[in-house]
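Comments concern the structure below.
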Amino acid sequence: MLPFQDAAPTPASDWRHIIRFGRNVASYKFALGRVLLELGRQQRTFVSLDDLAVPYAAVVCEHLRVEDRQSTSAMSRFLDACRSRNRGELDDARLAEVTARLGFANVIDAFHIGRDGQPTQTPFFVDERSSRQGITLTDHLLALANGVQSSVLPLEVDARWNLVQTSWGLGLGTRVVSAEITPDEEAVDLYVPARLRRGPITGVRDALSGYQDGRCAYCNELFTDIGTKRVAVDHVLPFMLMTQGWADGDLHQIWNFVLACYACNSAKRDRPPVADWMPWLEKRSEHLIASHHPLRETLITQLGPDPVRRHQTLARRHTAATAMIRPWKPPVS
């Protein structure tokens, strides 16, 4: 079965739903997600607020060093304490005390709430603050944190966090990135517009993985890592068309990028997929747009202002591509 079409939510899809769509103030949600995965890898079960506060504050401080804006709120006593720690005005013990008291006021309550206002089916911790001053990690979280995608999930959290904080910090709303390939390297990075004089924010692999459920776009196999060797950033409509008279937009744009396993990328080579596969790409784009991802406005600009026109754009471009190059049939269509 293709990604986005699961008959019932899985723990992994519920986790990604929280990271993509959850109603938390974004940075707090990302920070808690990062820490939960790390605690889960340590096979922790019950975690007191005091123990949770130390790694939670540390990862927030880390991101504040890169971008001072980490919240939609105008004021935050917790963030102010983290800034004071970064300036050397507050010691670790005092920061931990402030974090335990102020840092979890909303994020623990709202972590499991999805975009529809309802909790996800899978709980990743049980809130026991009122009885034990802490949280208990569930077996679902422990299984995710130690499963086949244990190295993939933290990168997805970081990528989403990096894009959001850059968008906020530059005052761009959701219009933040274009995609560029660094010459002579395998890495594909996401950049802010060149006029803003900022470098790469995060990798395309990390940014897109969560919107493919950590799977190959063509065969649906799970990625166990998203390093440069085994996971390729593939042009759905081959980039070589640009040298053969292509006249319908730039093919080196984020709408045309997917992640593919080594086997599928090698088999596909410089061919477009068959038409039966294209609804996958359309659905992936709509998921990115619906989640108010920082790529939202980029995709709207590249494909069209509404779902009907985006469908027409993709259909037109696919028809033109397959008229020029014989298509390839993926293992899953």
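Among the protein heavy atoms of the stretch 211-293, carbon and sulfur supply 51% of the accessible surface, probe 1.4 Å, non-protein parts ignored.
Identify the GluC sites (Glu not before Pro) of the stretch 37-141 meeting these criteria: DSSP loop state and at most 14 other C-beta atoms within 10 Å of the C-beta. Loop-located and lightly packed - GLU89. For the stretch 1-156, the per residue solvent-accessible surface stands at 47 Å², with DNA, RNA and ligands left out and a 1.4 Å probe. Carbon and sulfur together cover what percent of the accessible area of the stretch 4-147 at a 1.4 Å probe radius? In the stretch 4-147, the share of accessible area belonging to carbon and sulfur is 48 percent.
Within the same chain, lysines fewer than 8 places from LYS268 are excluded, and of the rest, those with a Cα less than 16 Å from its Cα are LYS329.
The residues of the stretch 217-320 have, on average, 42 Å² of accessible surface per residue, using a 1.4 Å probe with all protein chains present.
Once the chain from ARG132 to TYR262 is taken as fully extended at 0.36 nm per residue, the excess over their C-alpha distance is 42.0 nm. Principal-axis analysis of the Cα atoms of the chain puts helix 278-290 at an angle of about 30° to the longest axis.
The value given for the chain is a Kirkwood hydrodynamic radius of 21.0 Å, derived from the mean inverse Cα-Cα separation. The value of relative contact order for the stretch 219-333, using C-alpha pairs under 8 Å at least six residues apart, is 32 percent. The longest stretch of the chain left intact once loop-based trypsin sites (Lys or Arg not before Pro) with at most 12 other Cβ atoms within 10 Å are removed from consideration, loops following DSSP, is 88-196.
The values are calculated or read from the model by the stated rules, or taken from the named source; none is laboratory data. Quick caveat: nothing in here was measured; it's all calculated off a predicted structure. Note that we place each Cβ from the backbone using ideal geometry, even for glycine, and neighbour counts take in every protein chain shown. All accessible areas refer to the heavy atoms of the entire protein, side chains included, with ligands and DNA or RNA removed. Shrake-Rupley method; radii C 1.70, N 1.55, O 1.52, S 1.80 Å.
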